[in-house]
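**Student:** One structure, pasted below without further comment.
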Amino acid sequence: MASSTLASPLWLSRSAFLLKTSLLPSGTRALTRGFTGPRQPPTSLSPLSLKPSFKHLSAIPSASGIFAQKSSDLERSFAREDVVILGIETSCDDTAAAVVRGNGEILSQVVSSQADLLSRYGGVAPKMAEEAHSLVIDQVVQQTLDNANLTEKNLSAVAVTIGPGLSLCLRVGVCKARRIAGNFSLPIIGIHHMEAHALVARLVEKDLQFPFLALLISGGHNLLILAHGLGHYVQLGTTIDDAIGEAYDKTARWLGLDMRKGGGPALEELAREGDANSFKFSIPMRQHKDCNFSYAGLKTQVRMAIESKNLSIENNSISSTSSQERRLRADIAASFQRVAVLHLEERCERAIEWAMKIEPSIKCLVVSGGVASNQYVRTRLNHVVEKNGLQLACPPPSLCTDNGVMVAWTGIEHFLCGRFDPPPRADEPEDSMFDLRPRWPLGEEHSQGKSEARSLKRARVHPSLTSIIQGSAQQEV
């Protein structure tokens, strides 16, 4: 699929696939196992300057019982490639949508970035981000369908991120998904954002099976999980303060880098020019023999190093500095990156040790999330997994950052298991209250990975995805 812009869209040719329109009585379609995952570049859109309960994955029985069908019944009815799911993602600062076929074929994907807003405001401003999502969501979804040469009537279901993330932003995507599902009588699937980051690797790596270990790293998350199966996760470690992506962004801003393409990529590029051993930053949390992360202290060390060299933090664009000062900033960038990633390496080493004791059959470490696009991170972690006899699985960069493909694919995985909700009312009021989950754990904490400091700081607003699914399964027995 060729990339396109709003001004000059390029349509996806239908010669590559034959859409099958066989429907179950409720409008759902079934599927069989086996999939392929062609890599499709996303269409990028320029950013525009800006109480019914939604019960996730509950497989609620409808009057006809269709929505409670077992996956084996669904699989026997139709081929997996008959399933076509629209995925919508608005959890933070990118408005994204994609259409994915049940066999993993990416029919189209569109992303509208808020990079200019991030650069202007120095980070994500929730209200501004919400307005930006609202301005482009209809356009993003419509172009996604147009690029796939489909309409809403051709869809099997709609998948949408309901958490974790920013409530104001999540609501934009959920409202759009529910309007489509209600108007066209489509099942709707609520998606956990971090599970989607982990599972998109299964679209790309055909042989990736459960169980596996996953490191999910982004601007808002540092998460080490053991994936026993779909919807069954154990949290081995997470951050007690800041995530690595936030530390990258803050350091990049302090160093005067161009933030329009993201602080992480800008810092990685500058770090290639520097000496990674010129500043002796301390590796965080070495005294704690667990799998949790902390980047607040490293950020403080970087700030102090910048101040000790009398570098101006305000109005300090690197493009206007001397070659000597540029080299100094490159040294700081390289030294920061070395220690930030060493912290990941040490935690992953311990997580592998823990995971192998729980699930000796593990063969793979999945690394996903926006920071997984960093080539230095991938190279260093590849050394870790090879040393431990494992394989590294990383989605391509376009599927590491927030995207609609990962949401659609995770929807397909759960749809296969019969986990979805019936269509909402077509006349659902616009001011309805939805069950958004801005703080939503993916799995239960491993006993050795619990952090008292984090538990006191962060209340669990929602039960974990794993506990919800297990509770639902017990009720069905």
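**Student:** Taking 0.36 nm per residue of sequence separation and subtracting the Cα-Cα distance, how much length would be gained by fully extending the chain between Ser317 and Val461, in nm to one decimal?
**Tutor:** Details: separation 144, 0.36 × 144 = 51.84 nm, distance 4.05 nm.
The span from Ser317 to Val461 would gain 47.8 nm if fully extended.
**Student:** Just to verify a number: FRET efficiency for Gln142 and Ala296, C-beta to C-beta distance, R0 = 45 Å, to 0.05? Numbers along the way, then the final one.
**Tutor:** On the way: r = 42 Å, r/R0 = 0.93.
The computed FRET efficiency comes out at 0.60.
**Student:** A further question on this structure: For Phe293, enumerate residues with amide H under 5 Å from its amide H, sequence gap 5+ or separate chain, H modeled in the peptide plane.
**Tutor:** Amide H neighbours of Phe293: Thr238, Thr239, Ile240.
**Student:** Here is a follow-up. Give, as a single signed number, the net charge of other residues whose beta carbon lies under 12 Å from the beta carbon of Ile352, with Lys and Arg counted +1 and Asp and Glu -1.
**Tutor:** Working: positive: Arg347, Arg350, Lys357, Lys363, Lys387; negative: Glu345, Glu346, Glu349, Glu353, Glu359, Glu386.
With Lys, Arg at +1 and Asp, Glu at -1, the net is -1.
**Student:** May I ask you to order 403-416, 281-294, 224-237, 96-109 by the average number of other C-beta atoms within 10 Å around their residues, highest value first? Please report the intermediate quantities before stating the final value.
**Tutor:** Details: 403-416: 28.4, 281-294: 17.1, 224-237: 22.5, 96-109: 26.9.
Highest mean packing first, the order is 403-416, 96-109, 224-237, 281-294.
**Student:** Apply 1/(1 + (r/R0)^6) to the Cβ-Cβ distance of Asn277 and Asn183, taking R0 = 45 Å, and write down the FRET efficiency to the nearest 0.05.
**Tutor:** On the way: r = 60 Å, r/R0 = 1.32.
Result of the calculation: an efficiency of 0.15.
**Student:** Still on this structure: Name the shape class, rounded, prolate or oblate, that the alpha-carbon gyration tensor gives for the stretch 131-176, where a ≥ b ≥ c are the square roots of its eigenvalues, rounded holds for a/c under 1.5, and otherwise prolate holds if a/b is larger than b/c and oblate otherwise.
**Tutor:** Values: a/c = 3.19, a/b = 1.62, b/c = 1.97.
Taking the square roots of the gyration eigenvalues as a ≥ b ≥ c, the stretch 131-176 is oblate.
**Student:** Ala393's amide H: which non-local residues (gap 5+, or another chain) put their own amide H closer than 5 Å, with H modeled 1.01 Å from N in plane and none for Pro or chain starts?
**Tutor:** Under 5 Å from the amide H of Ala393: Leu365, Val366, Val367.
**Student:** Residue by residue through the stretch 219-234, what is 3J(HN,Hα) from phi via Karplus (6.51 cos²θ - 1.76 cosθ + 1.60, θ = phi - 60°)? Round to whole Hz and write x for glycine and proline.
**Tutor:** Couplings: x, x, 9, 10, 9, 10, 10, 9, 8, 6, x, 4, x, 10, 10, 10 Hz.
**Student:** Continuing with this model, one more query. Which of the aspartates and glutamates could a cross-linker bridge to Lys261, judged by Cα under 15 Å and excluding same-chain residues fewer than eight apart?
**Tutor:** Those aspartates and glutamates meeting the cut-off are Asp93, Asp94, Asp116, Glu246, Asp249, Glu269, Asp402.
**Student:** Taking only protein heavy atoms into account and a 1.4 Å probe, give the accessible area per residue of the stretch 327-477 in Å². Please list the in-between numbers first.
**Tutor:** On the way: 6440 Å² over 151 residues.
Result: 43 Å² per residue.
**Student:** Further, regarding this structure: Starting with the highest mean, order 242-248, 380-386 by the number of other Cβ atoms within 10 Å, averaged over the residues of each peptide. Let's see the in-between values first.
**Tutor:** On the way: 242-248: 25.0, 380-386: 16.7.
Per-residue mean Cβ counts within 10 Å order the peptides as 242-248, 380-386.
**Student:** How large, in percent, is the carbon and sulfur part of the accessible surface of the stretch 272-414 at a probe radius of 1.4 Å? Display every interim value, and only then the final one.
**Tutor:** Working: 2840 of 6100 Å².
Whole-percent figure for carbon plus sulfur exposure: 47.
**Student:** With the radius of gyration and the Kirkwood radius both derived from the Cα set of the stretch 152-201, what is their ratio Rg to Rh? Before the final figure, lay out each step's value.
**Tutor:** Values: Rg = 11.5 Å, Rh = 11.4 Å.
Expressed as Rg/Rh, it is 1.01.
**Student:** What FRET efficiency would be calculated for the residue pair Arg327, Glu307, taking the C-beta separation as r and a Förster radius of 22 Å, to the nearest 0.05? Working shown, then result.
**Tutor:** Working: r = 18 Å, r/R0 = 0.82.
Between Arg327 and Glu307 the formula returns 0.75.
**Student:** A further question on this structure: Equivalent-ellipsoid semi-axes (√(5λ), Cα gyration tensor) for the stretch 218-286, whole Å, largest first? Write out the running numbers ahead of the final one.
**Tutor:** Values: eigenvalues 164, 51, 23 Å².
Semi-axes, largest first: 29, 16, 11 Å.
**Student:** Work out how much length Ala115 to Lys363 would gain on full extension: take 0.36 nm times their residue separation and subtract the Cα-Cα distance, in nm to one decimal. It would help to have the intermediate numbers written out before the result.
**Tutor:** Working: separation 248, 0.36 × 248 = 89.28 nm, distance 3.67 nm.
Extending this stretch completely gives an extra 85.6 nm.
**Student:** If you average 1/r across every pair of different Cα atoms in the stretch 260-396 and take the reciprocal, what Kirkwood value do you get, in Å?
**Tutor:** Values: mean 1/r = 0.0607 Å⁻¹.
Value: 16.5 Å, from the Cα pair sum.
**Student:** For a test of the definition: using alpha carbon positions, the gyration tensor, and the 1.5 limit on a/c, classify the stretch 196-320 as rounded, prolate or oblate. Could you put the intermediate results ahead of the total?
**Tutor:** Details: a/c = 2.84, a/b = 1.81, b/c = 1.57.
Cα axes put the stretch 196-320 in the prolate bin.
**Student:** List, in the order given, every pair from Lys176/Lys206; Lys363/Lys450; Lys127/Lys153; Lys289/Lys363; Lys206/Lys363 whose Cα-Cα distance in the structure shown is over 21 Å.
**Tutor:** Values: Lys176/Lys206 31 Å; Lys363/Lys450 25 Å; Lys127/Lys153 33 Å; Lys289/Lys363 24 Å; Lys206/Lys363 14 Å.
Listed pairs above 21 Å: Lys176/Lys206; Lys363/Lys450; Lys127/Lys153; Lys289/Lys363.
**Student:** Just the projected area, averaged over all directions, of the convex hull on the alpha carbon atoms of the stretch 330-469: how many nm²? Intermediate results must be reported in sequence, preceding the final value.
**Tutor:** Values: hull surface 50.7 nm².
Across all orientations, the stretch 330-469 yields a mean hull projection of 12.7 nm².
**Student:** Based on the mean of other Cβ atoms within 10 Å per residue, sort peptides 341-351, 363-373 so the most packed one is first. Provide the component values of the computation, followed by the final result.
**Tutor:** Numbers: 341-351: 19.5, 363-373: 24.8.
The most tightly packed comes first, giving 363-373, 341-351.
**Student:** Here's another thing I want to ask about it. Note the full-extension length gain between Gln287 and Glu353 as 0.36 nm times their separation in residues minus their Cα-Cα distance, in nm to one decimal.
**Tutor:** Values: separation 66, 0.36 × 66 = 23.76 nm, distance 1.75 nm.
Fully extending the segment from Gln287 to Glu353 adds 22.0 nm.
**Student:** Follow-up question, since we're still on this one. Rg and Dmax of the stretch 106-213, Cα atoms, in Å?
**Tutor:** For the stretch 106-213, the Cα radius of gyration and maximum Cα-Cα distance read 15.6, 43 Å.
The values are calculated or read from the model by the stated rules, or taken from the named source; none is laboratory data. Source: prediction; values computed, not measured. Virtual Cβ from ideal backbone geometry, glycine too; neighbours counted across all protein chains shown. What goes into the accessible areas is simple: the full protein's heavy atoms, side chains included, and nothing from ligands, DNA or RNA. Shrake-Rupley method; radii C 1.70, N 1.55, O 1.52, S 1.80 Å.
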